[in-house]
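The values are calculated or read from the model by the stated rules, or taken from the named source; none is laboratory data. Quantities reported herein were computed from a predicted structural model and do not represent experimental measurements. Positions of Cβ are backbone-derived with ideal geometry, glycine not excepted, and every protein chain shown enters the neighbour counts. Just so you know, the surface numbers come from the protein's heavy atoms only, side chains and all, with ligands and any DNA or RNA stripped out. Shrake-Rupley method; radii C 1.70, N 1.55, O 1.52, S 1.80 Å.
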Amino acid sequence: MRLFITIICLLGIAITNAQNNFKEGYIITNKKDTVYGLINSFDAIKNAKKCIFKKLGDDTEQVYKPGEIHSYRFVNGRYYISKEITIEDTKKMVFLEYLVNGYSDLYYYRNTDNGYYLVEDLNGEIIVLTYKNKIVHENGKEYLIESKRYVGQLKAAFRDCMEVQPKIDNTALSHKSLIRITKDYHNYVCNDEECIVYE
């Protein structure tokens, strides 16, 4: 019986520790005030939904939803910012992972179904980069057609920079590749501000 109780207690501690992974960070309020403390680090799906924050020296947890604060960031780590986006014809307020802060900004969002890359164009419009495989049946055969729509979307978003256009054709829908092309674009069109990569 004692062994059983000990195992239950240890499991309870392990579950609590798995749910609480507080790391140093800060929130930026909607009034642009910076407040330092500890932030619970979840996976990408939960980080997009909420920020659980504790001020330094205070164990009281405050839960912020997207829109209730401007942004939050882990010290030397991931940075999340409140934005309204439209995914599959549904508008929602989320915390987007901020990947690149430059002449054009790059974000990442993950829900239970998919991961999405988003780029902010010259007009401040947030564009969801899309990629879909489509199966076509023709003459009794099945064909897989790739739809790299995101290539055209990036070319439109970066239309004021001819130097970067050919590079977009070889850009993959991945953190590394999109960060590189967004940074290249910034370096061609902007000389007076540094491009910041948060990832």
For this session: Would you be able to tell me the number of residues in segment 27-44 that are surrounded by 13 or more Cβ atoms within 10 Å (Cβ to Cβ) and touching a residue at least 24 places away in the same chain (Cβ under 8 Å)?
Result: 6
Exercise. Considering segment 157-179 alone, what residues qualify as being assigned to a helix (DSSP H, G or I) and hydrophobic (A, V, I, L, M, F, W, C)?
Worked result: Ala157, Met162, Val164, Ile168, Leu178, Ile179
For this session: Filter segment 144-166 down to residues that are more than 20 Å from Tyr107 (Cβ to Cβ) and modelled with pLDDT of 95 or more and give me whichever is most open to solvent (accessible area, probe 1.4 Å).
Result: Met162
Problem set entry | The lone exception for Arg73 - which of (1) closer than 29 Å to Ser147 by Cα; (2) open to solvent by 30 Å² or more (accessible area, probe 1.4 Å) it fails | (1)
Seminar exercise, completed: Checked segment 180-193 for anything touching a strand residue (DSSP E or B) at 6+ places or on another chain (Cβ under 9 Å) and either open to solvent by 20 Å² or more (accessible area, probe 1.4 Å) or part of a loop (DSSP other than H, G, I, E, B) (or both); matches are Lys183
For this session: Collect the residues in segment 48-76 that are of a type in the set (A, V, I, L, M) and either under 23 Å from Tyr117 (Cα atoms) or part of a loop (DSSP other than H, G, I, E, B) (or both), keeping them in residue-number order.
Result: Ala48, Leu56, Ile69, Val75
Seminar exercise, completed: Quick count over segment 122-143, residues being open to solvent by 20 Å² or more (accessible area, probe 1.4 Å) and under 20 Å from Asn170 (Cα atoms), is 6
